[in-house]
Amino acid sequence: MSGATEETKKQRILELARDLGVEQFTPAEVEQIRRQLIARFGASAKSSAEYIHEVLEDAGIIVNWSTQADSEDLYEEEFRDLLHFATFEEAEMCLTRLDELVRKFRSEGEHAAVKRVLEVGRLGRRRAEMIARNPRVDAKKREEKQEILEWFRIWLQAPETFFDWLDARKRSADFQRRFGPKVSAAGQ
């Protein structure tokens, strides 16, 4: 890769990092940057997580890589295939599993694993947001992902009341009007 192209790639990484607007980067944010590089700039912009990590650190940006390193070997199998949510039912199952994992790891005193689960939840929120804001995606699918984005946001903010809220949300007139009664009944 030429020096000019390498500099452009670094600039794009730093631009995406600024767009995320976070003070500290974890593996979840690095993964988000990696995916956005490809989505916005095509396959030629593909970069490894390690390269993005290096670019961020070289720019003086704080990257907390240890959370993943501490829990990855012990718990990564718990996180496999969690973020598949093409439907509302799948999103609810995903959040249920994330919630179960947080509770399990908290009860076991596994703080690094709890942090990792929350990182996965933030990544899920960002994935939904990325689809919700993509004008190339069908409008109905964008609306569904915007709804799922809200589910993740609320779970991350108030996990102890989330499922009561979700139950009420799915029965709400707004939800019924936008997504139909069969959606709310399927998740019950």
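Where a number appears in this text, it was derived from the coordinates with a stated rule and is not lab data. Since the model is a prediction, treat every value here as computed from it, not as a measurement. Neighbour counts run over all protein chains shown; Cβ positions are idealised from the backbone, glycine included.
I'd like the distance separating the alpha-carbon centroids of region 85-113 and region 1-61, in whole Å. Taking the Cα centre of region 1-61 as reference, the centre of region 85-113 is 28 Å away. To the nearest ten degrees, helix 139-157 and the longest principal axis of the Cα atoms of the chain are 90 degrees apart. How would region 102-183 be classified by its alpha-carbon gyration tensor: rounded, prolate or oblate, with rounded meaning a/c under 1.5 and the a/b versus b/c comparison settling the rest? Oblate shape, in that a/c is at least 1.5 and b/c is the bigger or equal ratio. Among the trypsin sites (Lys or Arg not before Pro) in region 109-188, those placed in a DSSP loop whose Cβ has at most 15 other Cβ atoms within 10 Å are 133, 136.
Can you tell me how region 136-178 classifies by the Cα gyration tensor, rounded, prolate or oblate, using a/c under 1.5 as the rounded cut?
Numbers: a/c = 4.61, a/b = 1.45, b/c = 3.17.
Oblate.
In a shell of Cβ-Cβ distance under 12 Å around residue 15, excluding residue 15 itself, what net charge do Lys and Arg (+1) and Asp and Glu (-1) give? Charge balance near residue 15 sits at +4.
Dipole size of the chain about its Cα centre, with +1 on Lys/Arg Cβ and -1 on Asp/Glu Cβ: approximately 1080 debye, rounded to the nearest 20.
The Cβ shell under 14 Å around residue 135 holds other residues with a net charge of +4, Lys and Arg each +1, Asp and Glu each -1. Using only the alpha-carbon atoms, how far is helix 111-132 inclined from the longest principal axis of the chain? Give it as 0 to 90 degrees, nearest 10. Result, in degrees: 90.
Determine, for 85, 179, the number of other Cβ atoms within 10 Å of each Cβ, and report the residues in order from fewest to most. Each step should come with its number before you reach the end.
Details: 85 21, 179 16.
With the fewest neighbours first, 85, 179 line up as 179, 85.
The long axis of helix 27-41 is offset from the longest Cα principal axis of the chain by roughly 80 degrees.
Determine the relative contact order of the chain: mean sequence separation of Cα pairs under 8 Å and six or more apart, normalised by residue count, in whole percent.
Numbers: 156 pairs, mean separation 31.7, N = 188.
17 percent.
To one decimal place, what Kirkwood hydrodynamic radius in Å is obtained for region 3-63 from all pairs of distinct Cα atoms? The partial results should precede the final answer.
Working: mean 1/r = 0.0884 Å⁻¹.
Here the Kirkwood hydrodynamic radius works out to 11.3 Å.
Taking a ≥ b ≥ c as the square roots of the eigenvalues of the Cα gyration tensor, an a/c ratio of 1.5 or more together with a/b no larger than b/c marks the chain as oblate.
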